[in-house]
Amino acid sequence: MDLVQIASRWLHVVAACLVIGGVFFMRVLLPMGLRTMGADAMRSEMYLRARRGFKMMTHSCIFVLLVTGTYNMILAFKGINANPNLIGSKALFHGLIGVHLILAILVIVLAIVALKPKEPKANAKGLMTVNLVLLFLIVATTSATKATRDRLNAEGARVASDAAK
Amino acid sequence: MAMVMPDWLLHILYPITGWLHIVCTTLIVGGTLFYELVVPIACEELRPEQQLYVFARARWVFRWVVWVSAALLVGSGLVMLWRMWPVYHDKILGASFRWGLMHMGLGAMGLVIALLLTIGRSPPAHPIRWMRINLVILLVVIFVASVTRHVRLTLSEKPSGEPMPGSLKK
């Protein structure tokens, strides 16, 4: 059971790395790398091929993120609710998870819309930029959720320890 | 640090360092995976000399990401280590320390390889092989981080009803 939990968290982080790193590479690094390549036709052909690979990768990652994310969320709620030492407010923790979920759904919809056509539309670059910013915001909510959970556990432990004395 | 910085500043600093650590990880690991998985698909129909040109260009633009991310990973990692120090020295929660140590050691190894691959005008011998080895190391680093957190959370949230000693704030 422990191994499944660890593997689920690991898969979630690796899939997130692939998506965020991939969007950054497609939006920022690849256009910079292709800028000095000779013919326009060859450049756009290469970009399209990279986009096809990126699309396959993104769709697989979305699936992994949804499955592992649901499982991790259930575990997090169980962990927080089962902790007898925890007396602080859980509202912030729950709220942050809610924001994380909403942003994740938005990013998934945007990614599917941006990658759906065989050739990128005029607004594809803008959509990718918005997606990259939203992905960084999602990571921020994750970080805040982690800090809140640690804080709740630490304060719970401190109060319980004081009570035991 | 906790002594010289007010609580409210620490509450801002800790999530920000956590955010930086994850963002830099996604850029290095995701970028390397992208370099490994997608760039070869993009240039499979090019002539060998064109392929080499594309790989060299991609390496050139990727290297500033690696350098900036490596510096920020080390900085944010040190802040997180400072924050976790009391937890790692706790009798019970300290069980996660050996995993944290492994995370730091392997992470340092991965960063050194990434830096060596991007420093200089030309890559070292067998760059693709080194990149694959580094990718495996980086994935193991994330796995070990996951284990460290799991051990710490399991110990601090176990429903035994006993008060857990050790906390981030005394």
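The table that follows gives values for the structure above.
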{"quantity": "Residues that are touching a Lys or Arg at 6+ places or on another chain (Cβ under 6 Å) and either buried (at least 22 other Cβ atoms within 10 Å of the Cβ) or more than 19 Å from A:PRO120 (Cβ to Cβ) (or both), drawn from the range A:9-61", "calculated": "A:GLY33"}
{"quantity": "Enumeration of residues in the range B:36-55 that are more than 8 Å from chain A (Cβ to nearest Cβ) and touching a residue at least 12 places away in the same chain (Cβ under 8 Å)", "calculated": "B:GLU36, B:PHE55"}
{"quantity": "Given (1) at pLDDT 90 or above; (2) closer than 18 Å to B:VAL136 by Cα, index of the condition B:ALA71 fails", "calculated": "(2)"}
{"quantity": "Criterion (crowded, with 19+ Cβ neighbours inside 10 Å, touching a His at 6+ places or on another chain (Cβ under 9 Å) and within 14 Å of chain A (Cβ to nearest Cβ)) met by exactly one of B:LEU138, B:LEU73, B:LEU93", "calculated": "B:LEU73"}
{"quantity": "Among (1) over 21 Å from B:THR25 (Cα atoms); (2) at the interface with another protein chain (Cβ under 7 Å from one of its Cβ atoms); (3) of a type in the set (A, V, I, L, M), the one test that A:VAL4 misses", "calculated": "(2)"}
{"quantity": "Failed criterion for A:ARG149 (all others in (1) surrounded by 16 or more Cβ atoms within 10 Å (Cβ to Cβ); (2) more than 12 Å from chain B (Cβ to nearest Cβ) hold)", "calculated": "(2)"}
{"quantity": "Within the range A:1-44, tally of residues that are under 30 Å from B:THR148 (Cβ atoms) and part of a helix (DSSP H, G or I)", "calculated": "24"}
{"quantity": "Top-ranked residue in the range A:119-146 [being within 25 Å of the chain's Cα centre (by Cα) and charged (D, E, K, R); ranked as nearest to the other protein chains (Cβ to nearest Cβ)]", "calculated": "A:LYS146"}
{"quantity": "Test: residue in the range A:56-66 that is facing chain B (nearest Cβ under 8 Å), within 15 Å of B:ALA42 (Cβ to Cβ) and not hydroxyl-bearing (Ser, Thr, Tyr)", "calculated": "yes"}
{"quantity": "The range A:38-54 residues that are more than 9 Å from chain B (Cβ to nearest Cβ), paired with ones that are crowded, with 18+ Cβ neighbours inside 10 Å (beta carbon under 7 Å, 6 or more apart)", "calculated": "A:ARG43/A:LEU34"}
{"quantity": "Test result for A:PHE25, within 15 Å of B:VAL54 (Cα to Cα) and within 18 Å of the chain's Cα centre (by Cα)", "calculated": "yes"}
{"quantity": "Residue that is assigned to a helix (DSSP H, G or I), surrounded by fewer than 21 Cβ atoms within 10 Å (Cβ to Cβ), of a type in the set (Val, Ile, Thr) and within 14 Å of chain B (Cβ to nearest Cβ), where the choices are A:VAL159, A:VAL109", "calculated": "A:VAL159"}
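The values are calculated or read from the model by the stated rules, or taken from the named source; none is laboratory data. Note that the coordinates shown come from a computational prediction; the quantities given were computed from them, not determined experimentally. Every residue, glycine as well, gets a Cβ built from its backbone with ideal geometry; the counts of neighbours run over all protein chains shown.
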